[in-house]
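These notes concern the structure reproduced below.
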Amino acid sequence: MACPTLLCAVFLLYQTQGSSAGTPVFVPTGGDLNLDVSDADFPKTFDLFFWKFKTENVMVTYQPNGEPNIREEYRRRIEVSEKKYSVRLKHLTKGDSGTYVARVTAGKDRILAEYDVTVQDPVSPVDLISDSVSKNSTCNVTAACTTPESSISSSFRCDAKTCYQEGGRSEVNTSGGSLRIYLLAESIICNHSNQVSWLKNETNLRSFCTKIADVSGVSICQVKTFLFSIGLIIMVSAVITVHLLEKLKKQ
Ligand SMILES: *[C@@H]1O[C@H](CO)[C@@H](O)[C@H](O)[C@H]1NC(C)=O
Ligand SMILES: *[C@@H]1O[C@H](CO)[C@@H](O)[C@H](O)[C@H]1NC(C)=O
């Protein structure tokens with residue numbers, strides 16, 4: 001990465017202040033992390049290259065034309081990738097959250113890559129409970145999405161034709177994620193998500209509002225009655241006509 005002097009100065013200032021400037025990466029607990037450095041950024045000659053975790057832990061070092069030297073504590077978890085100078089750290093736990101830096105010494109010290117890694121557990125399942133009141137031609141439903149850590153509720157309304165969510169889609173932040181409740185077509189949906197996973201729960205809103213479903217419009221039953229009546233009229237007319245014709249013939 002070409003780094004103008006001013007940018008470097010800002011970069012280093014950030015670093016010394018402990019703020020992160022790296023690429024954010026989220027990894028599920030137990031997952032793997034690829035630490036990549038691009039060929040284009042790599043200097044033609046160098047003295048030493050290493051991957052470092054936080055500011056103090058060197059994980060692996062490379063010397064020109066040498067094999068990578070993986071530090072004892074990482075020996076079981078680091079896999080050297082076929083791409084030169086890139087490595088894979090396996091089976092991450094929350095303790096592996098933090099900043100990873102690739103640094104090369106070639107006359108000057110230079111950072112080639114920086115990742116701000118967050119290790120997250122997958123989200124817990126979400127419960128959806130709802131309650132309804134129907135009257136005349138409207139139906140009110142209140143629904144709540146609940147996880148062990150948080151909860152959110154919302155009101156929905158249906159008439160014979162449409163359903164909507166009062167106040168629109170709603171969301172709360174949970175630890176490192178979010179919990180949302182919204183209407184999609186005629187389903188109430190709870191979505192519990194974070195950076196590494198999501199789980200949903202849904203229920204059909206109409207199923208709570210069956211009592212109002214037939215209030216307006218023509219029902220199947222009415223159509224059947226109408227067709228049956230027409231048929232009956234035609235039949236009766238035919239019988240009467242035939243009867244009258246026979247009477248006329250006899251005269
Ligand atoms: C539904 O809620 C609205 C207000 O939000 C209220 O005016 C209406 O009476 C309620 N309908 C029923 C059937 O409870
Ligand atoms: C739930 O939320 C996540 C994160 O925003 C999203 O990727 C996913 O598609 C959503 N799932 C559904 C069913 O809406």
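The values are calculated or read from the model by the stated rules, or taken from the named source; none is laboratory data. Fair warning: this is a prediction, and the values are worked out from it, not measured in the lab. Note that each Cβ is placed from the backbone with ideal geometry, even for glycine, and that neighbours are counted across all protein chains shown. These accessible areas exclude ligands, DNA and RNA; they are computed on the full protein's heavy atoms, side chains included. Shrake-Rupley method; radii C 1.70, N 1.55, O 1.52, S 1.80 Å.
So how much slack lies between SER175 and SER155, counting 0.36 nm per residue of separation and subtracting their Cα-Cα distance, in nm?
Stretched fully, the SER175-SER155 segment lengthens by 4.7 nm.
Given H placed on each backbone N at 1.01 Å, which residues far from ASP121 in sequence or on other chains put an amide H within less than 5 Å of it?
It is THR29, by chain and number.
From the residues GLY107, ASN34, LEU179, which one has its Cα farthest along the dipole of the stretch 25-180 in the positive direction, the dipole being from +1 and -1 charges on Cβ of Lys/Arg and Asp/Glu about the Cα centre?
Of GLY107, ASN34, LEU179, it is GLY107.
May I ask you to derive the relative contact order of the stretch 23-120, considering only C-alpha pairs under 8 Å and at least 6 residues apart, and to give it as an integer percent?
Across the stretch 23-120, relative contact order equals 40 percent.
Taking θ as phi - 60°, what are the ³J(HN,Hα) couplings along the stretch 151-160 by the Karplus curve (6.51, -1.76, 1.60), each to the nearest whole Hz, with x for Gly and Pro?
7, 8, 10, 7, 10, 10, 9, 10, 10, 4
How much accessible area does ASP47 have with a 1.4 Å probe, in Å² rounded to the nearest 10?
Roughly 100 Å² of ASP47 is accessible to a 1.4 Å probe.
Between their Cα atoms, which of LYS44/LYS90; LYS54/LYS84; LYS54/LYS83; LYS52/LYS200; LYS161/LYS200 are more than 31 Å away from each other?
LYS52/LYS200
So for the chain, taking the charge dipole from beta-carbon charges (+1 Lys/Arg, -1 Asp/Glu), which of VAL133, SER151, ASN191 sits furthest toward the positive end?
Checking the options against the dipole of the chain, the answer is VAL133.
State, as an integer percentage, the relative contact order of the chain based on alpha-carbon contacts under 8 Å between residues 6 or more apart.
Once normalised by length, the contact order is 14 percent.
Which whole-number percent is the relative contact order of the stretch 127-207 (Cα, under 8 Å, 6+ apart)?
Reported relative contact order: 20 percent.
Given 10 °C and 1.306 mPa s, compute D for the chain with the Stokes-Einstein relation, Rh being the Kirkwood radius over Cα pairs; round to the nearest whole µm²/s.
Calculated translational D: 64 µm²/s.
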